[in-house]
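S.K.: Can you read through this structure? Questions will come right after.
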Amino acid sequence: MQRSAPLQPLRFSTQTLLLQLAVVLLVVLLSTSVHAWLTYDRVGSDAENQALTLARTVASDPEVRADVLAISGQPGTPPAAELLAGPLQASAEAARTRTGALFVVITDETGIRLAHPDPQRLGEKVSTDPSEALSGQEVTTRNTGTLGPSAGAKVPVYAPGTGAVVGEVSVGYSMETVAQSVARDIGPVALTAAGALLAGVLGSFLLRRRLQRLTLGLEPEEISTLVHDQVAVLQGVDDGVIGVSADGRISVFNAAAQRLLGLPDLSGSRWEDAPVPEQLKSLTRPGTGVAGPAVATGGSNQDALELVAGGRVLVVNARKALHRREDLGWVVMLRDRTELQELTRQLDAVGTMSTALRAQRHEFANQLHTLAGFLGIGQHQEARDYLAGLAATGPLKFPVDQAELLQDPYLQAFVGAKGVEADERGVALRIGPETLVRGQVTEAQDVTTVLGNLLDNAVNAAVAGSSTDRWVELEVLDEPGDDGGTLHVVVADSGDGLAEGTDTEAVFAEGFTTASGPVRAGGGQGFGLALARQLARRRGGDVKVLDRGARGGPGAVFMATLPHTTAGSPATKTTGEAGKEKNG
């Protein structure tokens with residue numbers, strides 16, 4: 001036997017629509033019922049007042065009062081035929097016919113009918129209690145008598161002259177007539193109610209469509225799941241995520257983005273007014289993306305923008321967010337490349353030193369062969385002199401003038417390797433005469449990044465300069481301190497200096513480069529000085545321009561201050577003393 005498929009639950013928007021329709025229908029029915037009841041009560045009250053007025057009129061008629069007094073003074077009650085032909089019956093029927101009342105009844109002091117629309121009821125006791133009217137009170141009533149339901153009034157009849165109650169007049173209007181009057185009045189109310197119901201239905205449908213559009217057709221359970229997933233993903237990833245809605249407001253600014261940009265949570269603020277780098281905003285402007293039209297239109301380009309923000313090198317790209325055909329805005333992604341840049345610089349330094357060491361290996365082998373040759377032929381004095389020369393100049397000879405001024409082995413190796421690179425490009429690297437480093441470098445990675453960037457830029461400037469004498473001069477000084485020494489680095493070159501009109505602060509902006517040709521996005525060019533300054537400032541130091549230089553040379557002079565990068569400061573030795581120690 002085939003099982004039937006389980007019934008699918010109604011969608012939330014459909015449930016909301018049905019609930020709204022039920023509420024609208026209930027409100028309309030309740031309003032209509034209350035209005036109908038109030039109208040019915042009002043028309044009934046009008047009928048009672050009209051009956052009271054007519055009863056007073058009949059009861060105050062002198063002839064009626066006299067006739068009732070005359071009958072009440074007789075022993076017993078006249079026969080029905082006599083009452084039918086009497087003046088009271090005529091007066092009562094005339095009033096009833098004239099006013100459209102259901103009945104006009106006149107009784108004596110005991111409640112016996114003296115006038116009644118039904119002749120057969122004459123001489124009988126009234127069907128409703130006449131005691132209140134016979135006691136002298138005027139009352140209005142709604143009850144059901146022999147002629148059916150009615151709204152009426154009872155008024156006492158007073159004897160002429162004495163004022164004694166000798167009977168009553170009871171007048172009633174049919175409630176069926178009242179209902180007909182209410183039915184006539186309720187017609188416009190019903191039309192109004194129908195119009196309100198139609199408007200409510202239309203409003204409910206429009207609200208349902210808006211709800212579906214706002215929720216993208218998702219159910220509440222799906223929205224709840226998406227919110228939990230979004231929080232888990234956005235707060236769990238190391239990449240910064242910035243969401244910009246279609247109306248230009250920041251909808252997402254996760255913790256990683258706050259950390260990378262050094263900003264508080266900007267959710268809810270306008271994107272154009274947010275204190276983020278201008279390059280980020282340019283990615284979301286049509287036609288101004290770093291990758292061209294593909295970015296501006298939300299294409300699938302893979303190009304990225306590099307910038308320095310909050311002391312970090314960031315790779316940023318932006319993507320258009322679409323759901324079906326609906327524009328949801330932009331998603332800006334930020335990835336931290338600071339450590340990668342620093343490791344790349346350090347790896348370049350290591351590679352440079354390795355290349356230099358390989359280049360000098362043959363010279364070292366030749367020196368050993370020479371020494372072995374002296375010893376083999378018995379030239380011991382020549383061997384001693386040769387060793388003394390090697391001790392004075394070092395076992396390896398880097399193409400760096402006055403390299404012996406650098407006492408720190410790390411600086412010797414690193415600057416020597418840079419000298420080999422510079423020599424291959426036709427640039428002489430020399431150490432300034434004021435160089436003096438008494439401590440040992442303890443923060444090799446930071447020193448590598450800053451010193452390497454300054455030397456590379458200086459070599460590039462010397463190569464690109466108009467001077468035929470190409471050189472780069474380096475001076476390094478250390479200043480002792482209780483919590484680590486400060487390293488002062490000054491680099492000058494023979495290039496053409498900074499271009500005329502170039503702001504000395506502009507060279508430290510991310511993306512600034514003097515390299516010929518376009519800078520490839522994501523290629524890492526134009527970030528050396530910016531990264532060096534950010535790193536130095538993070539340590540409490542700085543990198544700045546001491547001299548702009550001039551065309552034809554000498555070129556620009558840069559100085560870097562790196563606190564807490566050295567340790568151990570032995571007593572200062574002169575260059576001569578150091579040479580004597582080497583010579584033994």
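The values are calculated or read from the model by the stated rules, or taken from the named source; none is laboratory data. For clarity, every value in this text was computed on a predicted model and none was experimentally measured. Please note: Cβ atoms are built from the backbone with ideal geometry, for glycine as well, and neighbour counts cover all protein chains shown.
S.K.: I'd like to verify a number: residues in region 68-91 that are without any contact (Cβ under 8 Å) to a residue 40 or more places away in the chain and touching a helix residue (DSSP H, G or I) at 6+ places or on another chain (Cβ under 8 Å), how many?
M.R.: So the answer is 6.
S.K.: What do you reckon, is Ala383 within 23 Å of Val491 (Cβ to Cβ) and touching a residue at least 12 places away in the same chain (Cβ under 8 Å)? Break it down into steps so the answer makes sense when it comes.
M.R.: Values: within 23 Å of Val491 (Cβ to Cβ): no; touching a residue at least 12 places away in the same chain (Cβ under 8 Å): yes.
Spelling it out, it is not the case that Ala383 is within 23 Å of Val491 (Cβ to Cβ) and touching a residue at least 12 places away in the same chain (Cβ under 8 Å).
S.K.: Regarding Gly167, is this residue outside any strand (DSSP E or B) and in contact with a strand residue (DSSP E or B) (Cβ under 9 Å, 6 or more places away or on another chain)?
M.R.: When the stated conditions are applied, Gly167 does not pass them.
S.K.: Please pick out the residue among Leu21, Leu26, Leu30, Leu17 that is at pLDDT below 80, of a type in the set (A, V, I, L, M, F, W, C) and surrounded by fewer than 18 Cβ atoms within 10 Å (Cβ to Cβ). Even if it seems obvious, please write down each step before you answer.
M.R.: Working: Leu26 fails: at pLDDT below 80; Leu30 fails: at pLDDT below 80; Leu17 fails: surrounded by fewer than 18 Cβ atoms within 10 Å (Cβ to Cβ).
Going through Leu21, Leu26, Leu30, Leu17 in turn, the sole match is Leu21.
S.K.: Also, I was wondering about something else. Would you check if Gly526 is more than 26 Å from Ser467 (Cβ to Cβ), in contact with a Gly (Cβ under 8 Å, 6 or more places away or on another chain), assigned to a loop (DSSP other than H, G, I, E, B) and at pLDDT below 80? Explain how you work it out, then say what you get.
M.R.: Values: more than 26 Å from Ser467 (Cβ to Cβ): no; in contact with a Gly (Cβ under 8 Å, 6 or more places away or on another chain): yes; assigned to a loop (DSSP other than H, G, I, E, B): yes; at pLDDT below 80: yes.
Taking the combined requirement at face value, the residue does not satisfy it.
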